[in-house]
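Since the structure comes first, as structure tokens, the remarks are kept for the end.
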Amino acid sequence: MKLTQEQLEQFDREGYLFLPNLFSTEEAAFLKGEAEAIYQQDRQEVWREKSGVARTAFAAHQYNEGFRRLGSHPRLIEPVEQLLDGQVYMHQYKVNAKAPFDGAVWQWHQDYGTWKRDDEMPEPRAMNISVFLDDVTAANGPLLFIPGSHKHGVVKAGHDLETTSYPLWTLDRETVTELADQGGCVAPTGVAGSVLLFSSLLVHASPPNISPLGRTIVYLSCARSAITFARLIVKNGSLIATSLPSKRLRTIAFKSYCHNRLKDISCISTTNSSNALIAQSKLD
Ligand SMILES: O=C(O)CCC(=O)C(=O)O
């Protein structure tokens, strides 16, 4: 699937693009069922709110066939390769829950702000694809965007380890207000199966969900394969994913970053359309 010139211009101007009904209601419902099943599991990839309900499931493309297929779906990967001008790899994969009544806030942030500071991603040639698995409405904690904020580069941020169950580099109120004075603030909503593409520099957040309606969204965070960083993402003592464009780089990375930490490389695989390399492993 190719984006039109008008869509490319809109993405460049606003920092995001909304594609309604890209997947069918049935496809979204199937994946929603898979997400619910994953949230029930006691696995280290599932992070929970303080109340115990699931907040997010990391790397679901590595242990669930439906999410694996979604992660290399041409309807998603082709537009992203077009926007990023080349092949991409999966930097991060999350299935965010935003549970009824208990789904908590995501503070204002830029994803690249965290990927740069915590993951050492060297440049912001990266973006998100979010796939709605529920209808997303004003009521159930939609994403909030500041259009055009991606044009400001990486803005100053503080490391927030307190206010939610997920550490993030977040923006202060003054910065968010200044950016919103220029770009406004929008909440793109739509039915299950709709897709939002957005820049890794776009400033965004989401409010708590106090409605009785769930709001599950899958996030594929893709970056250009030319980026040769070798940072490993470690969550809860387990290596969730690392992505490198060549075997040589992977070998160097493993030697230099993990020589004391990796016990066993249990799985290395490629996704069919993105040239991504994903390693999963146990740490000491
Ligand atoms: O799912 C949400 O509401 C927000 C998620 C988000 O901002 C992120 O994962 O960076």
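Each reported figure results from applying straightforward, stated rules to the coordinates on display, with no laboratory input. Given the structure is predicted, the values throughout are model-derived calculations rather than measurements. Positions of Cβ are generated from backbone atoms using ideal geometry, with glycine treated the same way; all protein chains shown enter the neighbour counts.
In the neighborhood of Gly52, defined by Cβ-to-Cβ distances under 13 Å, what is the net charge if each Lys or Arg adds +1 and each Asp or Glu adds -1?
Taking every other residue near Gly52 into account, the sum is 0.
Using only Cα atoms, locate the centre of the stretch 37-72 and the centre of the stretch 1-22, then give the distance between them in Å, rounded to an integer.
28 Å
Which entries in the list Lys2/Lys94; Lys98/Lys156; Lys32/Lys116; Lys32/Lys98; Lys2/Lys32 go over 19 Å, if you measure between the two C-alpha atoms of each?
Over 19 Å Cα-Cα: Lys2/Lys94; Lys98/Lys156; Lys32/Lys116; Lys2/Lys32.
Can you give the net charge of the other residues whose Cβ lies under 14 Å from the Cβ of Val191, counting K and R as +1 and D and E as -1?
Once positives and negatives cancel, what remains is -2.
What FRET efficiency, computed as 1/(1 + (r/R0)^6) with R0 = 35 Å and r the Cβ-Cβ distance, is obtained for Glu6 and Lys156, rounded to the nearest 0.05?
The value I calculate is 0.55.
Pairs of alpha-carbon atoms within less than 8 angstrom and 6+ residues apart define the contacts here; what relative contact order does the stretch 5-229 have, in percent?
About 35 percent, as a whole number.
Considering only the other residues whose Cβ falls under 12 Å of the Cβ of Ile146, what net charge follows from Lys and Arg at +1 and Asp and Glu at -1?
Within the 12 Å Cβ shell, the charges total -2.
Give, in nm to one decimal, the length gained when the segment between Gln44 and Arg117 is fully stretched (0.36 nm per residue of separation minus the Cα-Cα distance).
That works out to 23.9 nm of additional length.
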